[in-house]
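**Q** Structure incoming, see below.
Only the coordinates and a few stated rules stand behind these numbers; no lab work does. Nothing here was measured: the structure is a model prediction, and the numbers come from that model. Neighbour counts are summed over all protein chains in view; Cβ atoms, including those assigned to glycine, are modelled from backbone coordinates with ideal geometry.
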Amino acid sequence: MIKVNIKNQFNNKAFQCSEGGKEVTLTPLGSGFPLPSANTFEKSNYDIHYADDLDNFECKGNIVDIHCSDSVSVVRLIALGLYGDYHESVVIGEDNKTTEYKVTFPFMHRTSLSVKEAKLFYTSEYVVSQSSLSGVVKQGISLFEIEINLYQQTKISFIKFPRHLGVHIFAITLF
């Protein structure tokens with residue numbers, strides 16, 4: 001298992017940093033996840049940076065360099081689709097070859113799934129919103145673990161994400 005450091009790609013804030021905090025920018029209207037409890041992601045296979053100034057990136061054709069000499073067979077993402085389910089291409093690069101994989105990024109307001117390659121990773125029963133008078137909207141919001149099974153063991157040199165601002169990536173782990 002290799003956790004990929006993607007902090008240099010972050011350009012968005014999805015989690016509150018403090019109770020009642022107004023820093024959330026997951027959507028243009030300032031909606032996002034409430035502050036999770038301190039140990040929520042502690043035992044996961046992912047580095048979730050919810051307490052940092054930025055905690056995810058919206059995809060703008062980002063290329064994430066992978067510095068790993070080990071071969072892997074699975075890429076797992078913690079991600080979501082902002083306004084619906086998005087079916088996009090993710091390109092996995094190795095030394096002299098690239099392979100394109102079709103990936104479904106589930107809609108963030110789903111609280112159940114029927115997508116084979118994805119499962120719920122984290123769900124909150126409500127959304128925090130800067131545009132709401134109460135600051136809280138009773139509507140579920142979720143992060144998803146998406147699995148990309150590679151066609152063969154691969155020494156990945158980079159991952160290229162789609163150019164789609166509705167797709168947000170929070171973490172990458174290689175297996």
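**Q** Using Cα centres only, tell me the gap between the stretch 1-25 and the stretch 142-160 in whole Å.
**A** 21
**Q** How far is it, in nm, from the label point at N8 to the one at S89 when both lie 7 Å from their Cα along the line to the Cβ?
**A** So the two model labels end up 2.6 nm from each other.
**Q** Would you mind calculating the relative contact order of the stretch 2-174 from Cα pairs under 8 angstrom and at least 6 residues apart, reporting the percent as a whole number?
**A** Relative contact order for the stretch 2-174 comes out at 34 percent.
**Q** Distance check, please: which entries in K7/K155; K60/K102; K3/K102 exceed 19 angstrom between their Cα atoms?
**A** K7/K155; K3/K102
**Q** Using only the Cα atoms, work out Rg/Rh for the stretch 1-140, with Rh taken as the Kirkwood radius, to two decimals.
**A** So for the stretch 1-140, dividing Rg by the Kirkwood Rh gives 0.97.
**Q** Can I ask one more? Assuming R0 = 30 Å, what is the FRET efficiency of S112 and F158, from their Cβ-Cβ distance, to the nearest 0.05?
**A** 0.35
**Q** Give the shape of the stretch 31-80 as rounded, prolate or oblate, defined through the alpha-carbon gyration tensor: a ≥ b ≥ c are the square roots of its eigenvalues, a/c under 1.5 means rounded, and otherwise the shape is prolate if a/b is larger than b/c and oblate if not.
**A** Judged from the Cα gyration tensor, the stretch 31-80 comes out oblate (a/c at least 1.5, b/c at or above a/b).
**Q** Then there's this: Distance from a point 7 Å along Cα→Cβ of D52 to each backbone N in the stretch 1-38: keep the residues under 15 Å and list them by number.
**A** 3-17, by backbone N distance to the label point.
**Q** Next question. For the stretch 2-174, give me the percentage of DSSP beta bridges that are antiparallel, rounded to the nearest 5 percent.
**A** 95
**Q** Over the alpha-carbon set of the stretch 1-68, divide Rg by the Kirkwood Rh and report the Rg/Rh ratio to two decimals.
**A** Expressed as Rg/Rh, it is 0.99.
**Q** Now for a separate question. Taking every pair of alpha-carbon atoms in the stretch 54-132, give the share separated by more than 22 Å as a whole percent.
**A** Of the Cα pairs, 37 percent sit more than 22 Å apart.
**Q** Could you grab the relative contact order for the stretch 60-154? Cα pairs under 8 Å, six or more apart, rounded to a whole percent.
**A** Result for the stretch 60-154 is 33 percent.
**Q** Name all residues of the stretch 129-169 having a backbone nitrogen under 16 Å from the label point set 7 Å from the Cα of N96 along its Cα→Cβ direction, giving them as ranges.
**A** 155, 157
**Q** Still on this structure: Label points 7 Å out from Cα along the Cβ direction at K22 and D65: separation in nm?
**A** Each label point is offset 7 Å from its Cα along the Cβ direction, giving 3.9 nm.
**Q** While we're here: Could you order peptides 160-172, 64-76 by the average number of other Cβ atoms within 10 Å of their residues, highest first?
**A** Averaged packing, sorted descending, gives the order 160-172, 64-76.
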